[in-house]
Amino acid sequence: MKTRHVSFGATAALAAFLAATPVLAQKPVVARVTPYVGYLAFGDYVSGPIGTRISNENAAVYGVQLGLDLGRNVALVGNLGYSDSNLQVGIPVIGGLNVAGSKVLLYDGGLQFRLPALTSLGSGLTPFVEAGAGAIRYEVRTGPLTANATNFAVNFGGGLDVQLNRNLGLRLQAKDYVGKFDFQEATAFNLKGRTAHNVSLNVGLTLGF
């Protein structure tokens, strides 16, 4: 009689566990961390006569993005990126001439809007768009001299999430940072800068929690 009681209790516990397993497996992901690497193409800060220009040399960019779900298809995102580049003067025929080192820090926050997963095209393909605002910080250095400039920038972009399983995915993203470089703060030269589009193309690994 005792053995039968124990057997019945074990069976009930096993049944309860199996019933709860699908619920646990379907627990939604509410936070995503995406470390990424990519390529940052800088726009022209100043356009001068006969094709001269001042810009940053295109360079690799490294960063991480954090996303927190506000709803099924909307998330709050924050981003931090870094690029080690050079301030460059463009001269016709000669090409780009590096005049100073330039470390660039990108930080911003915004909203991401995800479209429903395109399961017909594959396993968990989810397009998304996002927009936000933040700043671009430049550290310009030449010899022993270093100057800093922090400029407001808006950003927008989009991409595709390829979900490999519930907690792991691949992200492909393009993002445009739109802002002006403050020459007076960074170099003491009172040059009037133009609005520049700085476009990054990234690939990252998304970890869901």
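Read the figures in this text as sums done on the coordinates, not as results from a lab. Remember, it's a predicted structure, so these values are computed and weren't measured experimentally. Quick reminder, even Gly has a Cβ in these numbers, built from the backbone with ideal geometry, and neighbours come from all protein chains shown.
Taken about its Cα centre, the range 29-208 carries a charge dipole of about 180 debye when Lys and Arg each add +1 at the Cβ and Asp and Glu each add -1 at the Cβ.
Couplings 3J(HN,Hα) for the range 29-38, derived from phi with the Karplus relation 6.51 cos²θ - 1.76 cosθ + 1.60 (θ = phi - 60°), are 6, 10, 9, 9, 10, 10, x, 9, 9, x Hz, where x marks Gly and Pro. Toward the positive end of the charge dipole of the range 29-208, with +1 on the Cβ of Lys and Arg and -1 on the Cβ of Asp and Glu, the farthest Cα among Ile54, Ala174, Leu70 is that of Leu70.
Residue by residue, the range 138-146 carries 3J(HN,Hα) couplings of 10, 10, 9, 9, 9, x, x, 9, 9 Hz when phi is fed to the Karplus relation 6.51 cos²θ - 1.76 cosθ + 1.60 (θ = phi - 60°); x denotes Gly or Pro. A convex hull fitted to the Cα coordinates of the range 28-108 yields 105 cubic angstrom per residue.
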